[in-house]
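The values are calculated or read from the model by the stated rules, or taken from the named source; none is laboratory data. This one's a predicted model, so the numbers in the text were calculated from it and none came from an experiment. Heads up, the Cβs are rebuilt from the backbone with ideal geometry, glycines too, and the neighbour counts pull from every protein chain shown.
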Amino acid sequence: MATRTDLPAEPPDSKTVLTREGETPEEARARHRRFYEKAMALRGKIKLDIDLDELRGRHRN
Amino acid sequence: MSCVAGIVIDTSVWIDFLAGVKIRSVEDALANDLAIVPPLVIAELVTGAETMAARQAIGEFLQDAEVFATPLEHWIYVGDLRRSLARKGINVTVPDAHVAQCALDRNAVLLTRDSIFADIAKYTPLRLAR
C-alpha cells in the first residue's frame, strides 16, 4: 500500500524553493509564507459544496 | 527515502482542511514551502464556494498558491497514464489522471483522501500521503 500517514521526515532542500517565472527565491518564500498564513486563517471557515465524483466525471466511467 | 520535491494537495484534502480538520501533513507542506496546487484543483475549490464571501476568500487565498504549470508534455503524459492504466483494467478520468500526473511530473507526494489514487499508485511510481 503506497499510502502513508506521515510525510517523509527529511527537511526540504532549501536550494530548490518553488518559484514562479521571474520570481526570486526570496520573493517565492515570501509568497509561500503568505499562502501558509492565509490557509491557516481560512481553516474552519469555508465549507465547500463539492461532489468530487460528479466534478471529475467518475460516474461516466 | 529521498527529500520530497513538493507536496501536491488534492481537492479532497483541501475540503477537509478548509472545513476545519487539523491535517498535519498540509500544515507541514505549507510551512515548508512545498505545497503545490494543480490548476484543476483551483477550479474545483472555486466551484464549491457556496457564498460570494467564500468565493472571495478562496480567490484571495489562492493568489499566492504554487500552481502546477501544465505544458503540452504534461497533457501527453496524462493521456499515456490513462492508456497504461486502462490496459491494466484501471479506468481513471482525465481530471484524476491530471492530478496524479502533476505529482508524477514533479516527483512529488500527492496528499489525497480519494481511493482512486491508491489504485493508480499500485501501477505507477505515484507516492501518496493523507
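Inspection of the range B:13-24 identifies at least one residue that is in contact with a helix residue (DSSP H, G or I) (Cβ under 7 Å, 6 or more places away or on another chain), surrounded by fewer than 22 Cβ atoms within 10 Å (Cβ to Cβ), more than 7 Å from every other protein chain (Cβ to nearest Cβ) and closer than 14 Å to B:Thr112 by Cα. Taking the range B:33-53 as the range and being touching a Lys or Arg at 6+ places or on another chain (Cβ under 8 Å) and facing another protein chain (nearest Cβ under 9 Å) as the test, the residues that pass are B:Asp33, B:Ile36, B:Ala49, B:Glu50. Among the residues making up the range A:22-44, those that are in a loop (DSSP other than H, G, I, E, B) and within 7 Å of chain B (Cβ to nearest Cβ) are A:Arg43, A:Gly44. Only a single item in (1) buried (at least 19 other Cβ atoms within 10 Å of the Cβ); (2) more than 9 Å from chain A (Cβ to nearest Cβ); (3) assigned to a loop (DSSP other than H, G, I, E, B) is not met by B:Arg82, and it is number (3). The single condition among (1) crowded, with 22+ Cβ neighbours inside 10 Å; (2) in a helix (DSSP H, G or I) that B:Ile36 does not meet is (2).
Collect the residues in the range B:108-130 that are touching a residue at least 12 places away in the same chain (Cβ under 8 Å), over 17 Å from B:Ile7 (Cβ atoms) and part of a loop (DSSP other than H, G, I, E, B), keeping them in residue-number order. Hit for the range B:108-130 is B:Thr124, nothing else. Selection of first residues in the range A:18-44 that are under 20 Å from B:Ala54 (Cβ atoms) and of second residues that are loosely packed, with under 14 Cβ neighbours inside 10 Å and among the aliphatic types (A, V, I, L, M), restricted to Cβ pairs under 9 Å at least 6 apart or on distinct chains, gives the following pairs, ordered by first then second residue: A:Arg43/B:Ala19; A:Arg43/B:Val21; A:Gly44/B:Ala19; A:Gly44/B:Val21. Scanning the range A:16-44 for residues that are basic (Lys, Arg) and under 30 Å from B:Thr93 (Cβ atoms) turns up A:Arg20, A:Lys38, A:Arg43. Filtered by the rule that a residue be at the interface with chain A (Cβ under 9 Å from one of its Cβ atoms) and either assigned to a strand (DSSP E or B) or farther than 17 Å from B:Leu34 by Cα (or both), the range B:89-107 gives B:Asn91, B:Val92, B:Thr93, B:Val94, B:Pro95, B:Asp96.
Results for (1) under 17 Å from B:Gly48 (Cα atoms); (2) modelled with pLDDT of 85 or more; (3) in contact with a Phe, Trp or Tyr (Cβ under 9 Å, 6 or more places away or on another chain); (4) surrounded by 18 or more Cβ atoms within 10 Å (Cβ to Cβ), shown as yes or no for each residue.
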{"residue": "A:Ser14", "(1), (2), (3), (4)": "no, no, no, no"}
{"residue": "A:Pro25", "(1), (2), (3), (4)": "no, yes, no, no"}
{"residue": "A:Arg31", "(1), (2), (3), (4)": "no, yes, no, yes"}
{"residue": "A:Asp49", "(1), (2), (3), (4)": "yes, yes, no, no"}
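Considering only residues of the range B:85-107 that are more than 17 Å from B:Ala5 (Cβ to Cβ) and touching a residue at least 40 places away in the same chain (Cβ under 8 Å), which is surrounded by the fewest Cβ atoms within 10 Å (Cβ to Cβ)?
Restricting attention to the range B:85-107, the residues satisfying the condition of being more than 17 Å from B:Ala5 (Cβ to Cβ) are B:85-98.
Filter once more, so that each one left must be touching a residue at least 40 places away in the same chain (Cβ under 8 Å): B:95, B:98.
Working: B:Pro95: 20, B:His98: 23.
Here the residue is B:Pro95.
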